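Since the structure comes first, as C-alpha cells, the remarks are kept for the end.
Here, each number is a calculation from the coordinates, and none is a lab measurement. Quick caveat: nothing in here was measured; it's all calculated off a predicted structure. Glycine gets a Cβ as well: all are built from the backbone with ideal geometry, and neighbour counts include every protein chain shown.
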Amino acid sequence: MNKGRTTQTILVSGASGFLGSELVRQLLDENYNVIAMSSRKEVLYSKFGNSKLKIVNTNSWKSEIVKSEQIDVLVNCAFPRTSDAEQLAKGLFFTENLVKDSLNLGIKKIINISSQSVYSQQAKAAANENSPVIPESFYGMTKFASERIVAALCESSNEKITYSNIRLASLSGIELEVRMTNRFVKRALSGEQLTVNGGKQNLSYLHVKDASSAIIAMIDSDSFAWNHAYNLGNYDNCTVLELAETIVDIAKENSVKEVKLEILKGQDNFNNLINSELFYKDFKWKPHYTMTLMVRELFEYYQSKYQTGG
C-alpha cells in the first residue's frame, strides 16, 4: 500500500503493453493517480474504467496534460521489442524526446525500464550491476543506449533529478504466449511431446505481477537513495530440462494424459540469470512467483480457457 503518504501521480508510457498494463492495474489498486500513455488508447479503455486513470495519446500527451497537474514519477515502459534496426532507432528517438519533455514539465523522478540484454547471455555466472555490459544483439545495444540517454539528460538538467535504469529479466505471465513456459504448457495440454535441445541452459523468468509490484515498491521509496542501475529478476531459476520435467509432473497432477519428453543434443551455454540482490535489499522486496508457481498458474489458466472454448 501507499504507507499513508500523499497520493502520487504516476505517468506510465507504453501503458497498453504487457508490463505497462499490469503496472497500471496495480497502481490503481494501490490508489495512485495514474496517467497512462499509449498509442492504443482503446486497449486501455477496454481494460480500465477507473476515475483515477487518465489516458493520453503517445503523440499528443503533452497537450493533454493540464498545466496544474503535477506528475511525480515517470515510468517508461515503452520500447519496441524487436531486432529491426529502424524500429529500434525510433525507440531511441522516442526515449530521448519523452525524457526531455518530462523534464520540461517538471517531472523529477524517472524510472526507465531497460533489459538484462545489456549483459552477455553466455556468461557462466549471474550478472550483477558491476558486471561488464556486453550486448549481444541490436536490442541489447539499443537498450543500453537508452540508459545512457536517460543518464545524460537527467544529469545535465539544472534541476535535481533522480533516475534509475531497471535491467529487467525476461518476463512471464498468462498473456505472453511466446514464452517457453507458455508454449510447453500448451503442448502438454494438447498431448504433444516436449522436445528439449540440450537441456542444461539456465533459465529464470520474472512474473509480470512481481515486476509491477517491484516497481511500485521503488516508487514508494526514498528516491534520493536510488542507484542509477538495478537488476530486477527472480532468485528462482532452473535448467530448460528441469522446466520441462516440472511441466510433465504438474501435468500428471492435473490428470493430463502422460506427456512424453524428448531430449536432443544442443548448445548448453545459454544463461539469462541476473543477480538482483541489490534491488531486493534496497527496496525490501522479493518475488512471489517461483518457476513452479508460474507453471501451475499457466495450467490453471489454459485448462479453464480450453474448457470454456476460449
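One Cα centroid belongs to the range 254-310, the other to the range 92-156; the line between them spans 27 Å. The phi-based Karplus calculation (6.51 cos²θ - 1.76 cosθ + 1.60; θ = phi - 60°) puts the 3J(HN,Hα) values of the range 14-24 at x, 6, 9, x, 4, 6, x, 5, 5, 5, 4 Hz, whole numbers, x for Gly and Pro. For the range 74-127, what does the alpha-carbon gyration tensor say about shape, rounded, prolate or oblate, given a ≥ b ≥ c as the root eigenvalues, a/c under 1.5 as rounded, and a/b over b/c as prolate? Taking the square roots of the gyration eigenvalues as a ≥ b ≥ c, the range 74-127 is oblate. Phi angles across the range 283-299 convert, under the Karplus curve 6.51 cos²θ - 1.76 cosθ + 1.60 with θ = phi - 60°, into 3J(HN,Hα) values of 10, 6, 9, 8, x, 8, 7, 8, 4, 5, 4, 4, 5, 4, 4, 5, 4 Hz, Gly and Pro given as x. Put simply, the range 28-80 fits an ellipsoid with semi-axes of 16, 16, 12 Å; these come from the alpha carbon gyration tensor as the roots of five times its eigenvalues, largest first.
Considering only trypsin sites (Lys or Arg not before Pro) in DSSP loops that have at most 11 other Cβ atoms within 10 Å, the longest stretch of the chain without any of them is 161-256.
What Kirkwood radius, in Å to one decimal, follows from the Cα pairs of the chain?
Working: mean 1/r = 0.0486 Å⁻¹.
About 20.6 Å for the chain.
Summary of the geometry: the range 183-233 and the range 19-65, compared by the centres of their Cα atoms, lie 23 Å apart.
Normalised radius of gyration (Cα atoms, divided by 2.2 N^0.38 Å) for the range 73-207: 1.26.
For Thr195, the residues 5 or more places off, or on other chains, whose built amide H falls under 5 Å of its own are Glu262. At a Förster radius of 22 Å, what calculated FRET efficiency corresponds to the Cβ-Cβ distance of Lys281 and Ile134, to the nearest 0.05? Computed FRET efficiency for Lys281 and Ile134: 0.30.
If you take the square roots of the eigenvalues of the alpha-carbon gyration tensor of the range 217-310 and sort them as a ≥ b ≥ c, do you get rounded (a/c under 1.5), prolate (a/b over b/c) or oblate?
Working: a/c = 3.48, a/b = 1.71, b/c = 2.03.
Oblate.
Distances between placed amide hydrogens fall under 5 Å for Ile55 paired with Ala36, all partners being 5 or more residues away or on another chain.
Between Ala85 and Gln267, full extension at 0.36 nm per residue minus the direct alpha carbon distance yields a gain of 62.8 nm.
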